[in-house]
Amino acid sequence: MAKRKLKKLYAKDALEFFNQVMVEQPLLPFLVPIVLFAWFVERWVVPFSNWVPLLAAVWATIQYGRFKRRTAIEDLNKRWKHLILNTTPTTPIEPCEWLNKLLVEVWPNYMEPKLSKKFQSTVEKHLKHRKPKVIDKIELQEFSLGSCPPTLGEQGMRWMTSCDQKVMRLGFDWNTNEMSVMFLAKLAKPLMGAARIVINSIHIKGDLLLLPILDGEAVLYSFESTPEVRIGVAFGSGGSQAAPGMELPGVSTWLVKLLTETIAKTMVEPRRLCFSLPPVDLRKRAVGGVLSVTVVSANNIGRNTINELGNRQSSSGGSTSGIADNKISQTFIEVEVGSLVRKTSTSKGPNPAWNSTFNMVLHGETGVVKFNLYELDSGGVKVTFLTSCEIKVKYVLDDSTIFWAIGHNSGVVAKHTELCGQEVGMVVPFEDIMGELTVSLVLKEWQFSDGSVTLSNFLSNGSHSPVDISPKLQSRTGRKLRVAVVEGRALAVNGKYGKCDPYVKVQYGKALYRTKTLSHTTRPVWNDKFEFDEITGGEYLKIKCYSADTFGDESIGSARVNLEGLLDGDSREVWVPLEKVDSGEIRLEIEPIKNDFNGDLKTSSGRVGATWIELVILGARDLVAADLRGTSDPYVRVQYGNNKKRTKVVYKTLSPEWNQTFEFPETGEPLILHVKDHNAVLPTASIGSCTVEYSMLPPNQSAEKWIPLQGVRSGEVHVKITRKVPDLEKKTSFQTDASSLGKGHKISLQMRDSLKKFTGLVDEGGDPEALALALTEMEGIQDEQDMYIQLLEREKAVLLRKIQELGSEIVRTSSCPPRTPY
């Protein structure tokens, strides 16, 4: 077997040698017949000497030696180039004409449309937050990069090695006069009118760095230094009521500055952008996500670090903190994602440990988590910013997630997770000074424009996520958005007075609503619902939370919620962290509905045989003393949807007994009890609230329970709740329910008592709060009376129809001729 393989190897080698000789000696086919002819003559005709075969053998040996030597040199050259590429810090410059020619071919029909669409969304996002003073409002109308692509590596490209990482360096030169970016600007006073701003040329020149990471799964790109930027701007009129086509002062400078600062903050070394190379494309667009960030600890931020900072501040004329005087101070980390900011507790020493976890919200498919390190002096008063670091997050089209940050010596720290819910630990060095920060990140969910959500350890392959869902998101198509502000938790407390009386303002488009105000609680429960007309174009739902105060309400946080991708029949429940404060979250329930949903709901709730909720408020115990004398004057205000009722006031007691009964048609909304302290002069004070659960009760069975009050130290309410479901099968449609007569009498008595109470309050000059509660109670009784009248009208119509049918039957039978007996 070995001899056979050896023969095959020799035969292959001989064949390659023969082919090489044929290439180098094209006259060989002619020489071989001549040599054979000479040998034939010498052997059979005229005997020559034996020098001819020997000469042929020598010649063949020389040629074979040249062939093997050339092969060995080529192999050594290949190995040498590979060694240089992998070991030397810099490779020789290589030409890039082929790359630019390829770019010219693919730019017009492939790259330009994709890049124009991507840059358009980025420009629109920046225009909302930054504009010059002469412009009141600006809108992007057209965006095209033109048909001229940038030139890459005009002077060649080379590979470099930095911190054991390969980096490609090539020149970038984009000088085009064919682009067209048009803005329509509404001018501010005193100019007024409108104007068109057109960017028709751009020049960007610099050196690009490309850095492959994660074994080629992604490429980081950035400029080596801030590039040279020039923009050509033209101005025109904006319509009939427009300013003339003159140059607007400061606009050109503003555009150049905006572009330069955007590039410098995002893609100038060591800050880099990421281009992912996924193996598959699920064609889903991420519009937001929830990221859990745990700040674990920091290393080596003691004396050496702060001395270095102190020397740098001293050289710049600034003041240094106490930690620069060889004192171990207290430090804390501020986690920042956009406008959302959270702070850890303070920790001492050069290796502080915090172990603080926060839920942060990402807007879009990328996000930047910034960690700011602060020092708190020994007195706990002065706070000094020391340094920062950041981690970037990006959604990849195969449903995975990439995390990357700046490493040591401008290197890269990168991690990759295939599924949501996987924990990623990263050690990131601080910028400018020594020290490292250890953090743990968990991407809890990604939200997509088609309404699907990728949850922890769950891959949503889009079974209900079509690629093109634009027909479902068109504005003014009969859809509304019902937003329920359910509750809040860990809200910020007024630092001056130490209290929190929260309420929430909800804005969507131009519509603005406000919840009720709850007193003295950081865990409020509102359960207020609002409806908005759906708006397209990526409009955010804006949340602003305030604490009510006599001398001006104080803002305790704000947030925004992306409403893209809501499908009919689906609902979204989310805890939204409040931005611009240290803590606080608001729970929202968002549901798309149709315009006729409310009418259908009212009709179904008022139909014959609807379920009724009977609530008996028996009493309470251990209530909070709201008066100076150590007692309270409690009463209960019942809220069920739009229906509001209240009990009587029981004076000077912390354990009142009411024993009052209320009935409501069941609509599925929360049943909330607000316990109040009655005051004749001052405003009423809240002494707790609670929610009565009734959805899981069996029909026609009562449940008696003590419910703890929320937002106060103590207190419970004693209630009895029943879901009354009438037995329609045992009734005929024309029978009169005897209990309905008693119900009508009860409504009349309630209305009479309410009128007497309201008249008495007016005569006594009662406080506005009591009058408002009395009017609310009368409105509730009026609604109940209207529903009862509708029920009687239906029964009347059924009874008249039956009477008419009975009369027709009597007439028909009486008109028949008498039968003749046989």
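The values are calculated or read from the model by the stated rules, or taken from the named source; none is laboratory data. Everything numeric here is computed off the predicted structure, so don't read it as measured data. Neighbour counts are summed over all protein chains in view; Cβ atoms, including those assigned to glycine, are modelled from backbone coordinates with ideal geometry. For the accessible areas, the whole protein counts, side chains as well, though only heavy atoms, and no ligand, DNA or RNA atoms are used. Shrake-Rupley method; radii C 1.70, N 1.55, O 1.52, S 1.80 Å.
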Discussion item. Whole-Hz ³J(HN,Hα) for each residue in segment 667-679, computed from phi via Karplus 6.51 cos²θ - 1.76 cosθ + 1.60 with θ = phi - 60°, x for glycine and proline: what do you get?
Written reply: 10, x, 7, x, 9, 10, 10, 10, 8, 10, 9, 7, 10
Worksheet entry | segment 645-692: translational diffusion in µm²/s, Stokes-Einstein, Kirkwood Rh over Cα pairs, 4 °C, 1.567 mPa s | 101 µm²/s
Worksheet item: Toward the positive end of the charge dipole of segment 480-593, about the Cα centre and with charges on Cβ (Lys, Arg +1; Asp, Glu -1), which of Gly584, Ala511, Thr521 goes farthest?
Response: Thr521
Fill in: segment 612-724 - percent relative contact order, Cα under 8 Å, separation 6 or more
33 percent
Worksheet item: What is the spin-label model distance, in nm, from Ser292 to Ala60 if the labels are put 7 Å beyond Cα along the C-beta direction?
Response: 7.8 nm
Discussion item. With unit charges on the beta carbons (Lys and Arg positive, Asp and Glu negative) and the dipole taken about the Cα centre of segment 612-724, which residue among Thr722, Gly688, Pro670 sits farthest to the positive side?
Written reply: Gly688
Worksheet, complete the sentence: Accessible-area order for Trp254, Trp575, largest to smallest, probe 1.4 angstrom, reads Trp575, Trp254
Worksheet, complete the sentence: Once the mean of 1/r over all distinct C-alpha pairs in segment 480-593 is inverted, the Kirkwood radius in Å reads 14.3 Å
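Taking the Cα centre as origin and putting +1 on Lys and Arg beta-carbons and -1 on Asp and Glu beta-carbons, what dipole magnitude results for segment 612-724, to the nearest 20 debye? Each step should come with its number before you reach the end.
Details: 14 positive and 12 negative charges, 40 e Å.
Result for segment 612-724 is approximately 200 debye, rounded to the nearest 20.
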Discussion item. Heavy atoms of the protein only, probe of 1.4 Å, neighbouring chains included. What is the accessible area of His203 in Å², nearest 10?
Written reply: 20 Å²
Item to complete: Before anything else, pin down the relative contact order of segment 181-230: Cα pairs under 8 Å, at least 6 apart, normalised by residue count, whole percent.
Response: 30 percent
Worksheet entry | For segment 336-384, convex hull of alpha carbons as volume per residue, Å³ | 98 Å³
Item to complete: Enter the accessible area of Tyr221 (Å², nearest 10), with the probe set to 1.4 Å and all protein chains included.
Response: 60 Å²
Worksheet, complete the sentence: Here the relative contact order (percent) of segment 112-171, from C-alpha pairs under 8 Å and at least 6 apart, is 28 percent
Discussion item. To the nearest 20 Debye, how big is the dipole of segment 136-197 about its Cα centre, given +1 on the beta carbon of each Lys and Arg and -1 on that of each Asp and Glu?
Written reply: 200 debye
Discussion item. At 1.4 Å probe size, put Val427, Val123, Val369 in order of accessible surface, largest to smallest.
Written reply: Val427, Val123, Val369
Worksheet item: Once phi is turned into ³J(HN,Hα) by the Karplus curve 6.51 cos²θ - 1.76 cosθ + 1.60 with θ = phi - 60°, what whole-Hz value does each residue of segment 790-803 show in order, with x for glycine and proline?
Response: 4, 5, 5, 5, 5, 5, 5, 5, 5, 5, 5, 5, 5, 4
Fill in: Pairwise Lys count, segment 612-724 - Cα closer than 19 Å, eight or more residues apart or different chains
9
Worksheet item: For Thr611, which sequence-distant residues (separation of 5 or more, or a different chain) have an amide H within less than 5 Å of its own amide H, given hydrogens modelled in the peptide plane?
Response: Glu666
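Give me the number: length gained by fully extending Lys101 to Lys796, i.e. 0.36 nm times residue separation minus the C-alpha to C-alpha distance, one decimal in nm.
Extra length available between Lys101 and Lys796 comes to 241.6 nm.
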Discussion item. So for each of 137-146, 394-403, 334-343 I average, over its residues, the number of other beta carbons within 10 Å; can you give me the resulting order with the highest mean first?
Written reply: 394-403, 334-343, 137-146
Worksheet entry | Ranked order, Cys389, Cys148 - accessible area, probe 1.4 Å, largest first | Cys148, Cys389
Fill in: Order by protection proxy (mean Cβ within 10 Å, highest first), peptides 511-524, 699-712
511-524, 699-712
Discussion item. If I model a spin label at Arg752 and Lys118 as a point 7 Å from the Cα along the Cα→Cβ vector, what separation in nanometres do I get?
Written reply: 7.9 nm
Practice prompt. Roll a 1.4 Å probe over the protein heavy atoms and report the accessible area of Arg621 in Å², nearest 10.
Written response: 90 Å²
Discussion item. Could you give each residue of segment 208-214 its phi-based ³J(HN,Hα) in whole Hz, using Karplus coefficients 6.51, -1.76, 1.60 with θ = phi - 60°, and x for Gly or Pro?
Written reply: 8, 10, 10, 10, x, 9, 6
Worksheet item: Based on Cβ point charges of +1 for Lys and Arg and -1 for Asp and Glu, what charge dipole magnitude is obtained for segment 328-396 about its Cα centre, in debye rounded to the nearest 20?
Response: 80 debye
